[in-house]
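Heads up, the thing below is written out as structure tokens.
Read-outs throughout are calculated quantities, based only on the coordinates presented, and are distinct from any laboratory measurement. Owing to the predicted nature of the structure, the values given are computational and were not obtained by experimental measurement. Note that each Cβ is placed from the backbone with ideal geometry, even for glycine, and that neighbours are counted across all protein chains shown.
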Amino acid sequence: MLNVDKINLHYGAAQALKEVSLTAEVGKVTCVLGRNGVGKTSLLRSIVGLKGISSGSITWEGEEISKLAPHDRARHGIAIVPQGREIFPLLSVKENLETGYAPIARKDRYVPDTVFDLFPVLKSMLRRRGGDLSGGQQQQLAIGRALVTRPRLLVLDEPTEGIQPSIIKDIGRAIEFLREQGTMAIVLVEQYFEFARDLADHFAVMDRGEVVLSGAKADMDEHEVRRWMTV
């Protein structure tokens, strides 16, 4: 389980996160919702180690990880699909996938069949440069690269942003499949409410660096969530 407990995060004098708490369980999808600029990406960056916290704690599988470097967190089974995809445009699809080998044991350095089962288009484009793919195909590649690391915690930052509807459905099906495997916790940041609602087991709504609403999907007040997302 991931347990984020009352973390604060600053960029210089500006406070981006204020006493933020969040949990994510294996076999569940926790969705973080909110408008642009409310701290969602800062929260994800703190979880994967790309931005240090000022105070509070981040615990994964019972171990405090808030002082660990990003590569050490990756070795602990934490992977991120960043906003904007951040694939390597001059590398081939195959080479992009192989960049996921870094944190894993040598014996595991191969692309698991799951990647191509979820995103068959990647298998037919292994020699194509990443920069030649469509935005949706690049997003599939970014998710595939994360899965190469065999994550136990998968963090996705707005995977539907700028993506055509058909591929949004593919990404939704992929997340559902990964949840059903029961081997990883998934934290999903989204602005597309319907996509998040269909996938979420738990949710947290952020505003101005704070969690203002959270709970199980069964207890979600859709009107209240939408209100916070449109204020």
- Task: Hey, for a label at R35 modelled as a point 7 Å past Cα toward Cβ, could you say which residues of segment 158-202 have their backbone N under 15 Å away?
- Result: 191-192
- Note on the structure: Here D for segment 41-156, in µm²/s, from Stokes-Einstein with a Kirkwood Rh over Cα pairs at 10 °C and 1.306 mPa s, works out to 108 µm²/s
- Message: I want to check the label-to-label distance for K94 and D108. Put each point 7 Å from Cα in the C-beta direction and report it in nm to one decimal.
- Response: 2.3 nm
- If you line up the long axis of helix 135-148 against the longest principal axis of the chain, both from Cα atoms, how many degrees apart are they, to the nearest 10? 90 degrees
- Task: Please give the residues of segment 1-35, grouped as numeric ranges, whose backbone N is less than 13 Å from a label point set 7 Å along the Cα-to-Cβ vector of Q191.
- Result: 33-35
- Message: Given the -39500 (n - 2.57) contribution per DSSP H run of 4+ residues, what per-residue ellipticity at 222 nm results for the chain, rounded to the nearest 500 deg cm²/dmol?
- Response: -9500 deg cm²/dmol
- Per DSSP, loop chymotrypsin sites (Phe, Trp or Tyr not before Pro) in segment 24-116 with at most 11 further Cβ within 10 Å: Y110
- Query: Contour minus end-to-end for E222 and D198, with contour as 0.36 nm per residue of separation and end-to-end as the Cα-Cα distance?
  - Reply: 7.4 nm
- What is the log10 of I(q)/I(0) for the chain, computed with the Debye formula using one identical point scatterer on each Cα and no solvent, at q = 0.10, 0.14 Å⁻¹? -0.43, -0.87
- Query: Past the 24 Å Cα-Cα mark, which pairs from K40/K67; K107/K169; K18/K51; K123/K217; K51/K94; K51/K123?
  - Reply: K107/K169; K123/K217; K51/K94; K51/K123
- Query: Taking square-rooted eigenvalues a ≥ b ≥ c of the alpha carbon gyration tensor, is segment 1-92 rounded, prolate or oblate, where a/c under 1.5 means rounded and, failing that, a/b exceeding b/c means prolate?
  - Reply: rounded
- Kindly state, to the nearest 0.05, the FRET efficiency for D5 paired with R173, given R0 = 45 Å and r defined as their beta-carbon distance. 0.85
- Note on the structure: FRET efficiency (S57, E180; Cβ distance; R0 25 Å; to 0.05) is 0.25
- Note on the structure: Comparing A79, A13, A69 in a Gaussian network model of the chain (Cα, 10 Å), the one with the largest mean-square fluctuation is A13
- Pairs of Cα atoms under 8 Å, at least six residues apart: use those to get the relative contact order of the chain, whole percent. 30 percent
- Query: Shape call for segment 132-187 from the C-alpha gyration tensor, a ≥ b ≥ c root eigenvalues: rounded (a/c under 1.5), prolate (a/b greater than b/c) or oblate?
  - Reply: prolate
